[in-house]
Amino acid sequence: MTYPNPILRRPTRSVQPGSAEARAAAGALRMAFAEIEALGLAANQLGLPARAILVRIEDEERVLLNPTIAARSAELVAEGEGCLSLPGVEAEVPRAKEVVVQAVDEDGQPVELRLADFEARVLQHEVDHLDGVLYVDLLPKAERRQVLAEFRAFVAQQKERVSLPG
């Protein structure tokens with residue numbers, strides 16, 4: 001799903017590990033992840049309202065159910081971020097340098113991840129998706145307007161390229 005699809009703005013709902021909904025979300029995330037070039041993907045980006053993400057951490061793909069950020073460092077780092085839901089644009093986004101993420105795996109086992117730097121950024125980005133937050137929401141108002149204008153121009157250009165004959 002791409003912006004401005006409303007599902008991207010709706011907080012997702014918790015899922016019960018082992019349930020049909022959790023299995024469907026995990027399967028859809030794996031299938032989609034195999035087809036894209038990304039480090040993370042949230043279920044609502046696929047149109048599913050489930051609180052589930054797939055992330056690559058230390059070269060391992062992991063499905064996390066019901067993830068929450070339990071702690072964030074006070075230190076923020078601004079780095080470039082992009083998003084599959086807002087293709088063609090990036091922005092410098094301030095995020096906590098370190099986080100503690102709590103979740104459960106597909107078997108219902110508790111997972112606690114202490115992450116720093118890039119992996120912390122990826123998890124924050126994906127958990128934000130589950131809460132209906134896009135990275136542009138973290139930007140100052142003027143910069144957010146600029147990035148969204150660039151995104152609309154990118155989408156228009158892509159549509160124009162598709163409609164041109166041959």
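Before rounding to the nearest 500, sum -39500 (n - 2.57) across all DSSP H runs of length at least 4 in the chain and divide by the residue total; then give [θ] at 222 nm in deg cm²/dmol.
On the way: 3 runs with 53 residues, N = 166.
Theoretical 222 nm ellipticity from helices: -11000 deg cm²/dmol.
Placing one identical point scatterer on every Cα of region 29-166 and ignoring solvent, what is log10 I(q)/I(0) from the Debye formula at q = 0.10, 0.15 Å⁻¹?
After summing over all Cα pairs, the log10 values are -0.36, -0.77.
Compute the length gained on full extension between M31 and E112: take 0.36 nm times their separation in residues and subtract their Cα-Cα distance, giving the result in nm to one decimal. Before the final figure, lay out each step's value.
Values: separation 81, 0.36 × 81 = 29.16 nm, distance 2.48 nm.
Extra length from M31 to E112 when fully extended: 26.7 nm.
Tell me, what is the FRET efficiency for A78 and Q16 to the nearest 0.05, using R0 = 30 angstrom and their Cβ-Cβ distance as r?
On the way: r = 37 Å, r/R0 = 1.24.
It comes to 0.20.
Values in this text are rule-based calculations from the coordinates and carry no lab data. Not measured: the values here are computed from a predicted model. Neighbour counts run over all protein chains shown; Cβ positions are idealised from the backbone, glycine included.
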